1. Give the residues of the range 1-40 that are outside any helix (DSSP H, G or I) and not β-branched (V, I, T), sorted by residue number.
2. Going by what's in this entry, would N212 be described as at pLDDT 90 or above and either touching a helix residue (DSSP H, G or I) at 6+ places or on another chain (Cβ under 7 Å) or crowded, with 18+ Cβ neighbours inside 10 Å (or both)?
3. Before we move on, is L248 in a loop (DSSP other than H, G, I, E, B) and crowded, with 19+ Cβ neighbours inside 10 Å?
4. Quick check, is I151 part of a helix (DSSP H, G or I) and either over 14 Å from the mean Cα position of the chain (by Cα) or buried (at least 17 other Cβ atoms within 10 Å of the Cβ) (or both)?
5. Filter the range 41-59 for residues that are of a type outside the set (D, E) and assigned to a loop (DSSP other than H, G, I, E, B); which is surrounded by the most Cβ atoms within 10 Å (Cβ to Cβ)?
6. If the requirement is being farther than 29 Å from W134 by Cβ and not assigned by TED's automatic domain parsing to the domain that holds K131, which of these qualifies: I37, I33?
Amino acid sequence: MKKEILTKLKENPSDYISGESLSTVLGVSRTAIWKNINELKEEGYIIESSPKKGYRLNQNSDVVNAFEISEDLKTKVLGRNIAHFGKIDSTNNYAKKIALEGCEEGTLVVADFQTSGRGRLGREWNSSDKKGVWMSLVLRPDIPFEEVQIITLAASIAVVRALKEVAQIEAGIKWPNDIIINGKKVCGILVEMNMEIDRINFLVLGIGLNVNQKVNDFPDELKDKATSLRICMEETLDNQKLLKRSELIRAILLKFEEIYDKVNSGAFEEIISEWKKYSVTLGKEVSMTYKDKQCIGIAEGITRDGKLIVKCEDGTVKEVLSGEVWVRGLLGYV
């Protein structure tokens, strides 16, 4: 019932629709219409009511649910099955659970709020209620497990493309998984893998994107390192555009599906080439931990399977697959 009411309201975005008209078209009582309208309001929809005119959906409604994401979704596989939660410990945790149970590839888990969101190296990820995109995808790629890093790079490209299309924001990528705007982190990507000796069973791709946070929404320890799309748009005086999280999710899904097809076809060089265009790491001085030792050097390149190539001050060249890498001038590293 609620979906049918929403559809009718969206078909007439600038006009009011009377409760009597809705009840007639949908074949239910006006009381049922009123009850469902109130439930939609509780879910976050801004619905204007007028005793004489009826109901109208305010276009500033920013709601994430399966209906909103599915509407106008152009992917073939990704996001065609959706599990939405108002509150969950971690979308990655739930995605791993249903992946083990055999859910379809491309299943999307999304939440308004995570109580235990996390990033790489076990770090906590601040997941404010209804302020960001907190999502996970179940993937079953046809690649060797030693090449799984390419998934992270592909996802980071997809996010950068989506931000450009939806928000007209230019972002960069700090190796391997941070999306950077004006020297601060706006998005993190976490890939977790379930595998056997000779094959990948599934991957869970987690994406956390800060959308509507204000500066004071971040803890003090993050204010100099984290940003949001809203903050960036205010800084550029382009603060009139409402960024809807469902629109961002659809864009990320479509952009990633395009690149994911290239992953499965083995077009790694093409992916690496595009990743380099957005990199804020290559050519910069970096500090990293390599085999429990600190190394400072220049990030010179990236291998076909996504390893970072660093020429250290002592002249040695390291290929880094994982671990912590700091880039001078970003995220507080000076």
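1. Hits for the range 1-40 are M1, N12, P13, S14, D15, Y16, S18, G27, S29.
2. yes
3. Criteria not met by L248.
4. In short, yes.
5. Out of the qualifying residues, it is Y45.
6. Checking each option against the conditions leaves just I33.
Residue-by-condition table, conditions (1) surrounded by 13 or more Cβ atoms within 10 Å (Cβ to Cβ); (2) out of contact with any Asp or Glu (no Cβ under 9 Å at 6 or more places or on another chain); (3) more than 28 Å from E170 (Cβ to Cβ); (4) modelled with pLDDT of 90 or more:
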{"position": "K293", "(1), (2), (3), (4)": "no, yes, yes, no"}
{"position": "L308", "(1), (2), (3), (4)": "yes, no, no, yes"}
{"position": "C312", "(1), (2), (3), (4)": "yes, yes, yes, yes"}
{"position": "G329", "(1), (2), (3), (4)": "no, no, no, no"}
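To keep it simple, each residue is scored yes or no on (1) assigned by TED's automatic domain parsing to the domain that holds D305; (2) of a type outside the set (A, V, I, L, M); (3) modelled with pLDDT of 90 or more.
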| site | (1), (2), (3) |
| --- | --- |
| I189 | no, no, yes |
| M193 | no, no, yes |
| C232 | no, yes, yes |
| L243 | no, no, no |
| I249 | no, no, yes |
| K262 | no, yes, yes |
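The values are calculated or read from the model by the stated rules, or taken from the named source; none is laboratory data. Note that the coordinates shown come from a computational prediction; the quantities given were computed from them, not determined experimentally. Backbone-built Cβ (ideal geometry, glycine too); neighbour counts: all protein chains shown.
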